[in-house]
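Scroll down for the structure; my scribbles are underneath it.
Throughout, read-outs are computed from the coordinates displayed, never taken from laboratory work. Bear in mind that the values here come from a model prediction, so they are computed numbers and not experimental data. Positions of Cβ are generated from backbone atoms using ideal geometry, with glycine treated the same way; all protein chains shown enter the neighbour counts.
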Amino acid sequence: MQSITSRRAFLAAIALGAAGSTYFVRQRYKQQRRIKNARRALASIINGQDYAPLGKGFVRPRGEALTIATLLDDLEAKIGATLDTLNDGDVVSRLMAAIEADLDQGDVVEVDGWVIARTSAVLSALCFQMNV
Amino acid sequence: MFIDGLNVPDNTDLRADIAIIGAGAAGITIAKALNNSGLSVLLIESGGFEYDQQVQELNTAENVGLPYADLTYNRLRFFGGTTNHWGGWCRPLDEVDFEVRSGIPFSGWPFERAHLEPYYLKAQSIVEAGPFAYDDQERLREYVGDVVALKGTNLTLGFVQYSPPTRFGWRYREELQKSKNVKVILNTTVLGLDADEAGTSLEKLSLGCLGGKRHTAQARMYVLATGGIENPRLMLNSTARNPEGVGNQHGLVGRFFMEHPHLAPARLLLTPNDQRALNLVREISSNGLRGAPCLRPTRGMLGQKHLNAFATLSLRLELDADGRPTAPEHPDVDQDDEIAVRRAVSKLRQLGAKPSSVDDAPVSVEAIVELIAEQIPNPESRVTLGDGRDAFGHRHAKLNWQLMPDELTSIRHVLVSWGAALARNGLGHLRLVSPNKDEPWPGLIGWGNHHMGTTRMSDNPKMGVVDQHCRVHGMSNLYVAGSSVFPTSGAANPTLTIVALALRLADRLQEAVT
């Protein structure tokens, strides 16, 4: 009786592991696709090289905490949408609105002494991290 | 008329209705205001018409606080006083400067700014500045265009105006020379404020000349107008009847010394090809108004705990051909990145514009933000007496100027808020010179030779040396003029307010004597 129970538990664990593994692979793929789409969306509206030096200054003191995924989360929270659901015009207008809202509300950060909107900093950091 | 203490007989006893000690901006203004008043006025000046090294050295003082200007020379001891090297900047205090702010200890005046308004209007002509239009938005529009329609609530604009600058000694000498009721005695130093037996009113002034003569002066009312360091020094040195010094029964004389910290704490990268931004940088000379626009915090931004400040902008010239500073202020930033970052910042508001290569991005013009800030009134920042003695045997003043960490925090708050407002309005991007929030006071802090607060005004004798009429608490006939009575300093250069308060005091003296 005991051995039957152990065997069932063993098989259940394998099934769960396989499902989990599939889930993580799927998530990873989703994330990669999200990053790829975001990169494409940003590249179509700005020349990322222009902003990357500023993004480098933002990322430098903050270290590994600023992953591309967390930066994307921050940016999409600021614009209230995921980048790949918007057309170019909407991305620009939402980014500009987010930047103005930051400046109105004093949601600014200092990058090497420059006082800039948080959205501008995050956008620049993404240009740097994703090599837009 | 003028007389010279060196030329009158020894032990002359001078008499007047009102004796004014010190012929600087405050003393001369009061004497002028009382000209033709029917009251006899004696204006006592330690120096002559010209600078004299021996007299100047009576100012020698010790400094035990923050690094500061040489106290022997940053105030002048001859007719006209420190206006003889005044820079001429004028601005009235703001309404907020008179208010009690719950987050700023010891803040607030016993009256509102509106009470001083009529005197400001008269003071404006005495300092020979233009129309009294420091914050007039219509006039601002005339000079700086649409910049005044700022979005957001953190930043507003005003003017700082330039006096020629008026050298009070030269400008008003003839008027006092011709006066029938004002007598000016030169080369005569007040050695003591001699109180009566009860120590509640002055009986006379002991006077001395460096040549050795001694005189006395008796008046019904006395006005101490020798500046924010010499006023407390003379009160503390006058111990014949009051061992702790005249007016010092609560130990307040000399406390609460305030300066206006002067800093160049930020740079503004102006938006390229934007005339509105350039208008903020230029000086104005038109329709009788000479001055410059200045950045000011709004009342809402300051709230209850932040200090006042204002800033002017001047073009920064020390940039190389690529727009890179020739003397880097951020050595931790890779200098190869510097130019690229500046280009990035200048393009922050160009999202969606046609993609361009890095190289053709404009670098723009940069301005230096020159800021003047208010201090928190601090009883430990103070003037006391030192051990050294001057040629008359009087103890030197000893200055212990202090700054508090909250003051740096407040300045940063103002700058960061302005940074957001300037960017929001498309005028440019601000860069702080000292980006580390935890840094101690940077070496770049300067001062304005503005000596304030040491005989502060309060209707409560335990909180101030003089009452709202500038009369010393506990003394029936001794008044103080000058910025030593400021209980809070605001950020504005003090001379205009000194003159306005002196005019107000002249009215008060006339009432009191007649």
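Dipole magnitude for the protein assembly as shown: computed about the Cα centre from +1 point charges on Lys and Arg Cβ and -1 point charges on Asp and Glu Cβ, it is near 1500 debye. Working from the Cα coordinates of segment B:377-508, the gyration tensor eigenvalues give, after taking √(5λ), semi-axes of 35, 21, 13 Å in decreasing order.
Relative contact order of segment B:367-506, taken over Cα pairs closer than 8 Å and 6 or more residues apart, is 19 percent. In chain A, the longest principal axis of the Cα atoms and the axis of helix A:48-59 are about 70 degrees apart.
Calculate how large, on average over all directions, the projected area of the Cα convex hull of segment A:1-108 is; give the answer in nm² to one decimal. Before the final figure, lay out each step's value.
On the way: hull surface 41.3 nm².
So the Cα hull casts an average projection of 10.3 nm².
Axis angle, to the nearest 10 degrees, between helix A:2-43 and the longest C-alpha principal axis of chain A: 20 degrees.
Counting only lysines at least 8 places from B:K178 when in the same chain, those with an alpha carbon closer than 21 Å to its own are B:K32.
Quick check on my link table: of A:K36/B:K347; B:K122/B:K213; B:K122/B:K305; B:K305/B:K347; A:K36/A:K56, which ones sit more than 27 Å apart, alpha carbon to alpha carbon?
Working: A:K36/B:K347 24 Å; B:K122/B:K213 39 Å; B:K122/B:K305 32 Å; B:K305/B:K347 35 Å; A:K36/A:K56 20 Å.
Cα-Cα > 27 Å for B:K122/B:K213; B:K122/B:K305; B:K305/B:K347; rest within.
Scanning chain B for long hydrophobic helices, with DSSP H runs required to stretch 27 angstrom or more by C-alpha along their axis and to average at least -1.0 on the Kyte-Doolittle scale, returns B:405-424. Dipole magnitude for segment B:33-88: computed about the Cα centre from +1 point charges on Lys and Arg Cβ and -1 point charges on Asp and Glu Cβ, it is near 200 debye. From the alpha carbon centroid of segment B:97-161 to that of segment A:70-132 is 37 Å. Extent along the principal axes, Cα only, for segment B:451-514: 36, 26, 14 Å, with the longest axis given first. Look at the stretch B:221-231: the mean tally of other chain Cβ atoms within 10 Å of its residues' Cβ atoms is 0. Computed over Cα pairs, the Kirkwood radius of segment A:1-59 leads via Stokes-Einstein (1.306 mPa s, 10 °C) to a diffusion coefficient of 104 µm² per second. Could you point to the residue in A:I35, A:T5, A:A65 farthest towards the positive end of segment A:1-69's charge dipole, with +1 and -1 charges on the Cβ of Lys/Arg and Asp/Glu respectively? Most positive-ward Cα: A:T5. Taking every pair of Cα atoms in segment B:252-304, average 1/r, invert it to obtain the Kirkwood radius, and report Rg/Rh to two decimals. So for segment B:252-304, dividing Rg by the Kirkwood Rh gives 1.12. Each Lys and Arg Cβ is given +1 and each Asp and Glu Cβ -1; about its Cα centre, chain A then shows a dipole of about 1120 debye. Less than 5 angstrom separates the built amide H of B:G192 from those of B:S206, all sequence-distant by 5 or more or on a different chain.
When the charge dipole of segment B:377-514 is built from unit charges on Cβ atoms (+1 for Lys and Arg, -1 for Asp and Glu) and taken about the Cα centre, the candidate among B:A420, B:A502, B:C470 whose Cα reaches farthest toward its positive end is B:A420.
If one computes P(r) from the Cα atoms of segment B:28-90, what percent of pairs lie at distances over 21 Å?
41
Within chain B, the longest segment free of exposed loop sites, counting trypsin sites (Lys or Arg not before Pro) that fall outside DSSP classes H, G, I, E and B and have at most 11 other Cβ atoms within 10 Å, spans B:181-436.
Please give the per residue volume of the convex hull enclosing the alpha carbon atoms of segment B:6-132, rounded to a whole number of Å³.
Value for segment B:6-132: 196 Å³ per residue.
Shown here is the pair-distance distribution of chain B: with all Cα-Cα distances grouped in 20 Å bins from zero up to the longest one, the shares run 23, 51, 22, 4, 0 percent. By a straight-distance test (C-alpha under 16 Å), which lysines pair with A:K78 as possible cross-link partners, with residues fewer than eight away in the same chain excluded? Output for A:K78: empty list, no partners. Computed with the Debye formula from one identical point scatterer per Cα of the protein assembly as shown, without solvent, the log10 of I(q)/I(0) at q = 0.10, 0.11 Å⁻¹ comes to -0.90, -1.02.
What does the helix-only formula give at 222 nm for the protein assembly as shown: each DSSP H stretch with n ≥ 4 adding -39500 (n - 2.57), the total divided by the residues, and the result rounded to the nearest 500 deg cm²/dmol?
So the helix-based figure for the protein assembly as shown works out to -10500 deg cm²/dmol.
With both labels modelled 7 Å from their Cα along Cα-to-Cβ, the B:T72 to A:T67 distance reads 6.8 nm. Projecting each Cα onto the charge dipole of segment B:155-203 (Lys/Arg +1, Asp/Glu -1 at the beta carbon, about the Cα centre), which of B:S163, B:T189, B:S201 comes out farthest on the positive side? Checking the options against the dipole of segment B:155-203, the answer is B:S163.
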